[in-house]
Amino acid sequence: MGEHLIGSGATGINVGQGDAVSLSADGKTLAVSASNDNNRIGATWVYNLSGNGWVQKGNKITGSGYSTSTPLQGYSISLSADGKTLATGAFADNNGIGATWVYSLSDTGWVQMGNKLVGSGLIGRAGFGASVSLSADGKILAIGGSEDNGGRGATWVYALSNGGWMQMGNKLVGGGAIGDFGSSQGSTVSLSADGKTLAVGGPWDDNNFDRPNLGNIGATWIFTLSDTGWVQKDDKLVGSGGIGDIGQGFALSISADGKTLAVGGLNDNHRMGATWVFKLIENKWIQVGKKVVGTGGIGHSAQGFSVSLSADGKILAASGGDDNNQAGATWIYSISDTNWVQIGKKLVGDGGLAQQGGTGQGASVCLSADGKTLAIGGPNDNNRVGATWVYTTNSIITGLINTSEENILFSPNPTLGLITIRSSQTGNLEIYDTKGLLLKKLKTESLDQQVDISDLKAGAYLYRFKMIDGVKYGKIVKE
């Protein structure tokens, strides 16, 4: 969708726009941060989608009242569903104690809501603001402090009451953490749309001096809001199939209903990286399928560096910020039964200027609620000026690569319902909507097979035909 975005008004060198990105539910408002702006004070830019593309709205945003020369504002950011409330974390404020700022959109622009937030009960240099997540209505805010209590980590939750933010109970620390170091709980946090389910990542969990070849496994904790406050749900989650030093919980994303969770582990398998998906089934969290690893990665990709789910939990974006010598890339998947199917090739945005190292595309990713818009941050672009790339469903679909030379005919196309597939090989046919949601799946039994799609609505669909020698993609139009 157009060229990559670079906000105006940045100050200094090594700004790193794209450190964090956040989209509104409709994909028409985008927040992009750069924690190194202005000698590491940090800032956030907000864009709106208009008929002429993405337009920066107002000046960059920097909160008042920071207590150190390098607070790193914008290290983490989160937008509400309507794009009118913005939270920005600064884990280095006040010599590492950390703080978080919240803004609301008024008729004249973004306005800071009261003083910066600093949680009560923190211990030491807590890194408060290492991660932030807003509920859909912007009235519940979760803030992670990954360095609290010597690196054990904790999470604080606030509610908006009478125009001010009030801490909801004590800080949250998940049970069952193990290791010689702290788990760094709160490195990542993700709230459901209603703000009543909270996922907290601790990528340093299960570390041990005596296992130098294994390093940190990582884990994720789930909390739910009850009448008496926040309660841990089940034991911590650790995905199966990990290899070596994994770092599960480095990235998190929970679906709108709080019943699907994606967990990134960038260090898995010698930093190839992977993503795990869990679902809440019969009131218990269960891993769905095997760990997810995209094809086409180059080198130590660090897949799972950042992850994002669509609101319904059926589309997954998972980035590898270190792919191809830190050029970075992002993979898109859709759910098929209990398995995640990669949609096309990895995404690498055009226009990047990797003058020193790579652009770091995928340092942050965010999907709109419907999964049709994707923002990807690349803070290393152009000597760390940084940039953000935005994709729509159509631009993702046009990136699909055919790996078979087979000449396949779908006729008639457009069709009223019945379509014949003619090829010299049988294969497996999958038909997706433009969101990438799998609608039909079948195995062809002949070289001249008729398929009925009369039950599909009028419109364009994507097909994927997998044969022995490769895959062919194309479009089917139902009239």
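Could you list, in sequence order, the residues of segment 185-205 that are surrounded by fewer than 24 Cβ atoms within 10 Å (Cβ to Cβ) and of a type in the set (D, E, K, R)?
Hits for segment 185-205 are 194, 196.
Taking only segment 57-104 into account, find how many residues are on the phi < 0 side of the Ramachandran plot and either more than 25 Å from the chain's Cα centre (by Cα) or not in a loop (DSSP other than H, G, I, E, B) (or both). Break it down stepwise before answering.
To start, the set of residues in segment 57-104 that are on the phi < 0 side of the Ramachandran plot comprises 57, 59-64, 66-71, 73, 75-82, 84-93, 97, 99-104.
Checking which are either more than 25 Å from the chain's Cα centre (by Cα) or not in a loop (DSSP other than H, G, I, E, B) (or both) leaves us with 59, 61, 64, 66-70, 73, 76-79, 85-90, 93, 97, 99-104.
Total meeting the criteria: 27.
Scan segment 238-256 for residues that are within 16 Å of residue 285 (Cα to Cα), surrounded by 22 or more Cβ atoms within 10 Å (Cβ to Cβ) and in contact with a Phe, Trp or Tyr (Cβ under 9 Å, 6 or more places away or on another chain) and jot them down.
239, 248, 249, listed by residue number.
Looking only at residues that are touching an Asp or Glu at 6+ places or on another chain (Cβ under 7 Å) and without any contact (Cβ under 8 Å) to a residue 60 or more places away in the chain in segment 14-58, which one is farthest from residue 86 (Cα to Cα)?
35
Would you be able to say whether some residue in segment 113-121 is under 27 Å from residue 308 (Cβ atoms) and β-branched (Val, Ile, Thr)? Walk me through how you get there before you give the answer.
Narrowing segment 113-121 to residues under 27 Å from residue 308 (Cβ atoms): 113, 116-117, 119.
This time we only want the ones that are β-branched (Val, Ile, Thr), so: none.
Within segment 113-121, not a single residue is under 27 Å from residue 308 (Cβ atoms) and β-branched (Val, Ile, Thr).
Give segment 35-61 a look and list any residue that's of a type in the set (Ser, Thr, Tyr) and surrounded by 20 or more Cβ atoms within 10 Å (Cβ to Cβ), or say none.
Step one: list which residues in segment 35-61 are of a type in the set (Ser, Thr, Tyr), which gives 35, 44, 47, 50.
Within segment 35-61, 35, 44, 47 qualify.
Within segment 431-478, count every residue that is part of a loop (DSSP other than H, G, I, E, B) and either in the same structural domain as residue 391 (by TED's automatic domain parsing) or of a type in the set (Ser, Thr, Tyr) (or both).
To start, the set of residues in segment 431-478 that are part of a loop (DSSP other than H, G, I, E, B) comprises 433-437, 444-447, 453-458, 468-469.
Imposing the further condition that a residue be either in the same structural domain as residue 391 (by TED's automatic domain parsing) or of a type in the set (Ser, Thr, Tyr) (or both) reduces the set to 434, 444, 446, 454.
Looking only at that region, the number is 4.
Give 156, 110 a once-over and let me know the one that is within 29 Å of residue 312 (Cβ to Cβ), among the aromatic types (Phe, Trp, Tyr) and assigned to a strand (DSSP E or B). Can you show your working first?
Numbers: 110 fails: within 29 Å of residue 312 (Cβ to Cβ).
It is 156.
Which of the residues belonging to segment 322-338 are of a type in the set (S, T, N, Q), surrounded by fewer than 24 Cβ atoms within 10 Å (Cβ to Cβ) and not in a loop (DSSP other than H, G, I, E, B)?
If the condition is that a residue be of a type in the set (S, T, N, Q), surrounded by fewer than 24 Cβ atoms within 10 Å (Cβ to Cβ) and not in a loop (DSSP other than H, G, I, E, B), then 324, 325, 326, 334, 336 are the ones that fit.
Could you please let me know if residue 49 is aliphatic (A, V, I, L, M), at pLDDT below 95 and either part of a strand (DSSP E or B) or in contact with a Phe, Trp or Tyr (Cβ under 9 Å, 6 or more places away or on another chain) (or both)?
Numbers: aliphatic (A, V, I, L, M): yes; at pLDDT below 95: yes; either part of a strand (DSSP E or B) or in contact with a Phe, Trp or Tyr (Cβ under 9 Å, 6 or more places away or on another chain) (or both): yes.
Yes: the conditions hold for residue 49.
I'd like the full set of residues that are of a type in the set (Phe, Trp, Tyr) and either at pLDDT below 90 or under 16 Å from residue 33 (Cα atoms) (or both), limited to segment 367-412.
Applying the first criterion (of a type in the set (Phe, Trp, Tyr)) to segment 367-412 yields 389, 391, 410.
Hits for segment 367-412 are 389, 410.
Among what's in segment 161-184 and is part of a strand (DSSP E or B) and surrounded by 15 or more Cβ atoms within 10 Å (Cβ to Cβ), pick the residue that is modelled with the lowest pLDDT. Give the steps one after another, and end with the answer.
Within segment 161-184, the first condition is being part of a strand (DSSP E or B), and the residues that meet it are 161, 164-167, 172, 179.
Keeping just the survivors that are surrounded by 15 or more Cβ atoms within 10 Å (Cβ to Cβ) gives 165, 167, 172, 179.
Numbers: 165: 98, 167: 98, 172: 98, 179: 80.
The extreme case among them is 179.
Before we move on, is residue 453 of a type in the set (Val, Ile, Thr), exposed (fewer than 11 other Cβ atoms within 10 Å of the Cβ) and modelled with pLDDT of 80 or more? If you could, list the steps in order and put the result at the bottom.
Details: of a type in the set (Val, Ile, Thr): yes; exposed (fewer than 11 other Cβ atoms within 10 Å of the Cβ): no; modelled with pLDDT of 80 or more: yes.
Judged against the criteria, residue 453 is not a match.
I need the full set of residues from segment 256-274 which are in contact (Cβ under 8 Å) with a residue 60 or more places away in the chain and assigned to a strand (DSSP E or B), in order please.
261, 263, 265
Restricting attention to segment 286-325, report how many residues are touching a strand residue (DSSP E or B) at 6+ places or on another chain (Cβ under 9 Å) and at positive phi.
The first filter runs over segment 286-325 and keeps only residues touching a strand residue (DSSP E or B) at 6+ places or on another chain (Cβ under 9 Å), leaving 286-298, 300-323.
Subset that is at positive phi: 289, 296, 302, 304, 313.
Counting residues in segment 286-325 that are touching a strand residue (DSSP E or B) at 6+ places or on another chain (Cβ under 9 Å) and at positive phi gives 5.
For segment 281-321, give me the residue count where each residue is surrounded by fewer than 24 Cβ atoms within 10 Å (Cβ to Cβ) and either aromatic (Phe, Trp, Tyr) or not in a loop (DSSP other than H, G, I, E, B) (or both).
Of segment 281-321, the ones surrounded by fewer than 24 Cβ atoms within 10 Å (Cβ to Cβ) are 281-290, 293, 295-300, 311-314.
Restricting the remaining residues to those that are either aromatic (Phe, Trp, Tyr) or not in a loop (DSSP other than H, G, I, E, B) (or both) gives 281, 284-287.
Total meeting the criteria: 5.
The values are calculated or read from the model by the stated rules, or taken from the named source; none is laboratory data. Bear in mind that the values here come from a model prediction, so they are computed numbers and not experimental data. When we count neighbours, we look across all protein chains shown, and the Cβ atoms used for this are built from the backbone with ideal geometry, even at glycine.
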